[in-house]
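To start, the structure under review is shown below, and the notes come after it.
The values are calculated or read from the model by the stated rules, or taken from the named source; none is laboratory data. Not measured: the values here are computed from a predicted model. Glycine gets a Cβ as well: all are built from the backbone with ideal geometry, and neighbour counts include every protein chain shown. What goes into the accessible areas is simple: the full protein's heavy atoms, side chains included, and nothing from ligands, DNA or RNA. Shrake-Rupley method; radii C 1.70, N 1.55, O 1.52, S 1.80 Å.
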Amino acid sequence: MDFRLTEEQQALRAGARELLAGRFGRERLRAAVEAKDLDRGLWAELAGAGMFSMRLAEPEGGAGLGLPEAVLVFEEAGRALLPGPLVATHLAAGLLDEAVVAVVDTTRRPLLAEHLADAQAVLVLDGKRVRRADPAAFDPVPEPCLDPLTPLYRVRGGPHTMESLAVLDTDVRTLRRQGALLTAALQLGIALRTLESAVAHAREREQFGRPIGSFQAVKHLCADMLGRAEVARVAVYAASVTGDAVDTATAKLLADEAAVRNARDCLQVHGGTGFTWEADVHLFLKRAWVHATQYADAAANEETLAAALRR
Amino acid sequence: MDFRLTEEQQALRAGARELLAGRFGRERLRAAVEAKDLDRGLWAELAGAGMFSMRLAEPEGGAGLGLPEAVLVFEEAGRALLPGPLVATHLAAGLLDEAVVAVVDTTRRPLLAEHLADAQAVLVLDGKRVRRADPAAFDPVPEPCLDPLTPLYRVRGGPHTMESLAVLDTDVRTLRRQGALLTAALQLGIALRTLESAVAHAREREQFGRPIGSFQAVKHLCADMLGRAEVARVAVYAASVTGDAVDTATAKLLADEAAVRNARDCLQVHGGTGFTWEADVHLFLKRAWVHATQYADAAANEETLAAALRR
Amino acid sequence: MDLSRTPAEEAFRAELRRWLAHVLPQLPPAPDPGDWPGRRAYDCAWQRMLHDAGYAGIHWPKEVGGRGAGPAEHLIHLEETEKAGAPYVGANFVGLLHAGPTIAAEGTAEQRRRWLPPILRGEQVWCQGFSEPQAGSDLASLRTRAVREGDTYVVTGSKLWTSHAEVADWCELLVRTDPEAPGHRGITWLAMPMDAPGVTVRPLRTLAGSTEFAQVFLDEVRVPVANRLGAENDGWRVTMVTLSFERGTAFAGEVVACRRTLGEVAAQARSNGAWDDPVVRRRLGRLAAEFSALWSLIAWNVSHAGDGSPGLGGSVFKLRYSHARQELFDAAAEVLGRGSLSAAHRWTHERLSSLSYTIAAGTSQIQRNIVAERLLGLPKGP
Amino acid sequence: MDLSRTPAEEAFRAELRRWLAHVLPQLPPAPDPGDWPGRRAYDCAWQRMLHDAGYAGIHWPKEVGGRGAGPAEHLIHLEETEKAGAPYVGANFVGLLHAGPTIAAEGTAEQRRRWLPPILRGEQVWCQGFSEPQAGSDLASLRTRAVREGDTYVVTGSKLWTSHAEVADWCELLVRTDPEAPGHRGITWLAMPMDAPGVTVRPLRTLAGSTEFAQVFLDEVRVPVANRLGAENDGWRVTMVTLSFERGTAFAGEVVACRRTLGEVAAQARSNGAWDDPVVRRRLGRLAAEFSALWSLIAWNVSHAGDGSPGLGGSVFKLRYSHARQELFDAAAEVLGRGSLSAAHRWTHERLSSLSYTIAAGTSQIQRNIVAERLLGLPKGP
């Protein structure tokens, strides 16, 4: 047992951070807020760098890496607030050939799906099977999303639509579990980034003649943010190593909470200056809210964990 | 509408406080912790002062006062941490002639009852009726209680025992509601007293060369304690005026929370010095825990409130 | 302790209800949220109707043009207008709830005559120039500077978070008149005409995507000394008289609205199945208790308003209310599930704008300091 | 990131399990909680068994008599002894987890030879004399004073919250040797024999009704200078080396125990019907996540122990763990309903004693300061 990142893992994470800092820095982020459309050039670069295929075996075009490595890359994507159907496209690697893939989860109501118009194919998840569909099959109608970086669609799809779709030869539970874990990794990145942002602001911003970070009220907000982020981090990393369903529920539950509450507290630390559209804080909070509803929400995770107690 | 206390109400509260300060000050409180038995001399004085009969009409030996006045007196009793079956004896006035009356609530499991050995009669509440019983009817077995000032008994009582008891001509829902409200008033007293205790300690105790009350962390604990106490206060007073079931659920819910959390935070403010048996803080916390289970707990109050939403 | 209504109070309520039922259908359609001139016209027309019916400045003293109603009528008015779906105070917020009461309390007879009647009649709109980029929670550190030249102040600086600045006639402005004096001292209250040369208004977009606020730039704006309220360098005290007062009842209508929203959230939960989950039910039940108690707290504060120490209970109210409001819209989001991601749902906009409640007009952290130091007497931090 | 066990680690576990299964049935019955000499004898006998089997000082370096095991074996040891229901470290807590490691890190070769082997063999029991009535969270303000006379310190003062003082042979004592020096400076670490003339121990009853702690009065107690660890006036640094380290793994066994308790609470809920309430179920599910993550955090901290900055993660751990432990016993009380009022239930005693976790060894408020200032680099308060 050695829970530390290996040198290769550290290098992978550093590489992902560097790539994203270069290709998706603050200016690109703000441009994406206005542009709406997926940046296909960037997407191709991410694909080229192995973001989606990394867990496939080398003969299949992948890098033969595991969930722990994927989690480190997705943590960086979360930290950079990278938009697009990252998790769905990653999950589809090896199943579908399309470059941009979205997910429709038919077990949830209202039936809403992210990124449909940008996707070339869709993974359709119900409780039992994974199917594939063309985005048009769902008759998608754009629904304004609270996160300006996540296009959302109201989709129609009764049992009739579903049963005509091609069933893919893969296990839906594994796919859902991995989707939840990678989403938790994105949330971990958000939790860490908003912590850093709050700390930086608290050091710089002066009120009452002192940096606000010297006040206990602000200090203690930041300390609790670190607690949430670190607990989420070890939970996400541990679940990536074990691949276990209960560990994944732990990871998603704690990472969702860390992302939402850290983004919330980051806004509180920023005060009025964080309340404008031009400040980035709100983008992190809104994305964290979106991710918290994906794959498994708090209620589902808590029930999974409860069911595992003294089974 | 004038929500202020009338002069008579202020005088009543001040009188109750004075009586209790004189007859049940700190020394008596600590003596009671060791003595266990009910102080019947004090009980007779309370009865003489009208604590139990105050809401009866004057011809019946009461003072013709209402629930608002009773609530003010019980707030003071809570503040003084006065022991004994205060609420039960008050509810029994006009129904039973005995001087010390306990309650057995048969709707709750495990079936535990407070103060049975000190009581001369028992009000038995189920979902539908109020009955009277002798304490011995329940075959009580002492159960050590976490609150050293609340003797507790495990009681036996199946349907057979119950049905043989005399039914009293009074409405069980009204009795339960008034029991919950008066218990909420006791909790309000605890919430206020623990706030005062925390503030006094925070002003006096020095650490790092300053009173600990000058640190924001301690200040903010105290500010939130005040918020809980004041919100509980208006809720309890409002329910005492309207007598409404939903208002009573509001009062009990908020007063329980204020008492338990304020006692908890009072302990935190006191730090190690509050953790000894000799400090009084723990007595307030333990009593607040006891009251929180009486008549209606948080789950019951929240469900009552939910059911009233857009009925 | 009396929460019942006297026959006179009930008569007041009945008359108000009749009047509302009569006039509300006559209102023009509400303007688009982005149409500032339209909003001003709408809000002022409503204020004029209130005025003509004798409901303007309901709790203001009669000698300054108000109705001089007691706390009971004041609360009934807030409750009934909200329940009837009457327009909000809107563009007249600052005039009616802050600048007006400040002028009533601290103005000369001449100043009261000049500024108060147009506020009550819905003829003049006020905005507030307090916050600055560098002075957020630390309002006393404001830098906008006024230099006296004869009977004029020359004002230069900028103000932030000013609502309705685009359509306001007047701005109640805090400026620094003594740059040497520390903190609260050296600040002066001025009434600045918004059409004075040198005033520039730039809209500010919030995280909710809307432009409720503006930044106001002041470049050598000339304000007559006659527009000063109170003495030079005494503006902090002048302002605080009303700042603490404001926090009592300014949110009463919102609490009524929150209770209505809570009922709607429960109805939504009943219709989409979320109600079957006790976690959801109990959360909504707890919120019902909180808003019910907040309403009682307003009644308590209003009843005690005449006892001196106005609005000290306001900090406690604001702390709890701002948190409860955020909780309400978080609970609404839980009930909506994935539907909470839609920006088209009106609860989403409310959820986002509610985020400002623990920040604006004194963060919750500042409120806790105020409560601890002023109400509980804990020693000031160093 | 590797959480799997190597064959060597699995062999270590299997051997430990075999040994535990063999020796635990041979243990005498556990003594009564109030029987201090009995507890000392029991805990020391267990320590001697660990020692003789090669499990004493599992992660201590070999050169000071430990086994020199790596983090994996260390965790396996904590996990398996807890799971097997082996005795707790008990009376040997301070010796094994604080005084011992401090001596190992800062003592001379002679001091290590003198004090460490008897700790590992369960022959000498240590207690800790740090807290004082006036120095709680502000440990640096301690007043117990030591005046040097030749090769002896003469110590006068009193210490609070000292566990096992009644049966300890040694006390690791912090004293003030320079009354002029401010705060952290001027403090010295001494090993004081508990049978020295002038030492008086008085038991302290906690709110849980038990006497786990004592007050220790020191009246001109003579302690040889040879018993000093590190330099005079350098005791603060000497102590902090281990204080921060302690917070990493000291609670590992407790986390295992909490997870077991959580399972028992769930079983209780299933048997009394509380399990049908999703509010209860989800609360327990959330606690399961928290304790699972805390276990991962220990594994993380242990894996990084060799990287320098020992135990900085310990403050984060302590903050979350102390809160989670209190939550666990609150949830247990909710499951028990009115049954939670019984003092006879063992969860009631645990609930009460868990209240000290957010206070002892640095309140949660102090821990947040440490996290914010030392880990996040926020500026110190004034």
Q. Applying the selection to region D:87-107, what residues are open to solvent by 10 Å² or more (accessible area, probe 1.4 Å) and out of contact with any Lys or Arg (no Cβ under 9 Å at 6 or more places or on another chain)?
A. D:P87, D:Y88, D:V89, D:F93, D:V94, D:L96, D:L97, D:P101, D:A105
Q. Can D:A30 be described as in contact (Cβ under 8 Å) with a residue 12 or more places away in the chain, assigned to a loop (DSSP other than H, G, I, E, B), open to solvent by 60 Å² or more (accessible area, probe 1.4 Å) and of a type in the set (A, V, I, L, M)?
A. yes
Q: For region A:282-293, state whether one or more residues are open to solvent by 10 Å² or more (accessible area, probe 1.4 Å), of a type in the set (A, V, I, L, M, F, W, C), at the interface with chain C (Cβ under 8 Å from one of its Cβ atoms) and touching a residue at least 12 places away in the same chain (Cβ under 8 Å).
A: yes
Q.
Cβ contacts < 9 Å: first residue at the interface with another protein chain (Cβ under 7 Å from one of its Cβ atoms), restricted to region A:1-14; second residue surrounded by fewer than 17 Cβ atoms within 10 Å (Cβ to Cβ) and part of a loop (DSSP other than H, G, I, E, B), any location; separation 6+ or different chain. Result?
A. A:M1/D:S4; A:M1/D:R5; A:M1/D:T6
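Residue-wise test of (1) closer than 24 Å to C:F213 by Cβ; (2) in a helix (DSSP H, G or I).
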site	(1), (2)
C:Y321	yes, yes
C:A331	no, yes
C:W347	yes, yes
C:G362	yes, no
C:Q367	yes, yes
Q. What helices (runs of 4 or more DSSP H), lying completely within region B:21-116, carry at least 2 residues that are within 23 Å of B:W277 (Cβ to Cβ), out of contact with any Lys or Arg (no Cβ under 8 Å at 6 or more places or on another chain) and free of Cβ contacts under 8 Å to residues at least 12 places away in the same chain?
A. B:26-35
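For (1) open to solvent by 10 Å² or more (accessible area, probe 1.4 Å); (2) within 14 Å of chain B (Cβ to nearest Cβ), each residue gets a yes or a no:
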site: C:G314; (1), (2): no, yes
site: C:F329; (1), (2): no, no
site: C:A332; (1), (2): no, yes
site: C:L341; (1), (2): no, no
site: C:W347; (1), (2): yes, no
site: C:S356; (1), (2): yes, no
site: C:G362; (1), (2): yes, yes
site: C:I370; (1), (2): yes, yes
Q. Any idea how many residues of region D:233-257 are at pLDDT 85 or above and over 28 Å from D:L287 (Cβ atoms)?
A. 7
Q | Residue list for region B:210-245, filter: buried (at least 24 other Cβ atoms within 10 Å of the Cβ) and among the hydroxyl-bearing types (S, T, Y) | A | B:Y237, B:S240
Q: Please indicate, with yes or no, whether at least one residue in region B:125-134 is of a type in the set (V, I, T) and not assigned by TED's automatic domain parsing to the domain that holds B:D247.
A: yes
Q: Determine whether region A:252-268 contains at least one residue that is within 19 Å of D:R286 (Cα to Cα) and either facing another protein chain (nearest Cβ under 7 Å) or in a loop (DSSP other than H, G, I, E, B) (or both).
A: yes
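Let's see how each residue does on (1) within 14 Å of chain A (Cβ to nearest Cβ); (2) open to solvent by less than 20 Å² (accessible area, probe 1.4 Å); (3) farther than 30 Å from B:T276 by Cα; (4) in contact with a strand residue (DSSP E or B) (Cβ under 6 Å, 6 or more places away or on another chain):
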{"position": "D:D276", "(1), (2), (3), (4)": "yes, no, yes, no"}
{"position": "D:V280", "(1), (2), (3), (4)": "yes, yes, yes, no"}
{"position": "D:F291", "(1), (2), (3), (4)": "yes, yes, no, no"}
{"position": "D:W300", "(1), (2), (3), (4)": "yes, no, yes, no"}
{"position": "D:A324", "(1), (2), (3), (4)": "yes, yes, no, no"}
{"position": "D:P379", "(1), (2), (3), (4)": "yes, no, yes, yes"}
Q) C:Y88 is checked against (1) within 28 Å of C:Q367 (Cα to Cα); (2) hydroxyl-bearing (S, T, Y); (3) not in a loop (DSSP other than H, G, I, E, B) and fails just one. What number does that condition carry? A) (3)
Q: Considering only residues that are surrounded by fewer than 23 Cβ atoms within 10 Å (Cβ to Cβ) and in contact with a Gly (Cβ under 7 Å, 6 or more places away or on another chain), look in region C:133-143 and name the one that is farthest from C:R222 (Cα to Cα).
A: C:S137
Q: Any chance you could count how many residues in region C:43-59 are open to solvent by less than 10 Å² (accessible area, probe 1.4 Å) and charged (D, E, K, R)?
A: 0
Q: Would you point out the residue of region C:181-205, among those that are surrounded by fewer than 19 Cβ atoms within 10 Å (Cβ to Cβ) and touching a Ser or Thr at 6+ places or on another chain (Cβ under 7 Å), that is farthest from the other protein chains (Cβ to nearest Cβ)?
A: C:P203
Q. Within region D:96-104, can one find any residue that is in contact (Cβ under 8 Å) with a residue 40 or more places away in the chain, closer than 18 Å to D:V23 by Cα and not polar (S, T, N, Q)?
A. no
Q. Which one of the conditions (1) in contact with a Leu (Cβ under 6 Å, 6 or more places away or on another chain); (2) assigned to a loop (DSSP other than H, G, I, E, B); (3) under 20 Å from A:L192 (Cα atoms); (4) open to solvent by 30 Å² or more (accessible area, probe 1.4 Å) does A:R4 fail to meet, given that it meets all the rest?
A. (1)
Q: Give me the pairs, please: first residue somewhere in region B:149-172 and at pLDDT below 95, second residue anywhere and among the hydroxyl-bearing types (S, T, Y), beta-carbon distance under 7 Å, and either six or more positions apart or on two chains.
A: B:G157/B:T106; B:M162/B:T106
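Yes or no, residue by residue, for (1) within 14 Å of chain A (Cβ to nearest Cβ); (2) among the charged types (D, E, K, R); (3) over 19 Å from the mean Cα position of the chain (by Cα):
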{"position": "D:E10", "(1), (2), (3)": "yes, yes, yes"}
{"position": "D:Q26", "(1), (2), (3)": "no, no, yes"}
{"position": "D:D32", "(1), (2), (3)": "no, yes, yes"}
{"position": "D:P37", "(1), (2), (3)": "no, no, yes"}
{"position": "D:Y55", "(1), (2), (3)": "no, no, no"}
{"position": "D:E63", "(1), (2), (3)": "no, yes, yes"}
Q: Return yes or no: is D:R40 charged (D, E, K, R) and either at pLDDT 95 or above or surrounded by 18 or more Cβ atoms within 10 Å (Cβ to Cβ) (or both)?
A: yes
Q. Here are C:E290, C:E254: which of them is acidic (D, E), over 30 Å from C:W36 (Cα atoms) and either part of a helix (DSSP H, G or I) or free of Cβ contacts under 8 Å to residues at least 40 places away in the same chain (or both)?
A. C:E290
Q. Using beta carbons and a limit of 9 Å, which pairs, at least six apart or on different chains, have the first residue in region C:156-167 and at pLDDT 90 or above and the second one among the basic types (K, R) and assigned to a loop (DSSP other than H, G, I, E, B)?
A. C:G157/C:R143; C:S158/C:R143
Q: Only strands (runs of 3 or more DSSP E) wholly contained in region B:117-209 count here; list those with 2 or more residues that are surrounded by 14 or more Cβ atoms within 10 Å (Cβ to Cβ) and among the aliphatic types (A, V, I, L, M).
A: B:121-125, B:130-133
Q) Which residues, taken from region A:199-222, are of a type in the set (A, V, I, L, M), touching a helix residue (DSSP H, G or I) at 6+ places or on another chain (Cβ under 8 Å) and under 30 Å from A:A70 (Cβ atoms)? A) A:V199
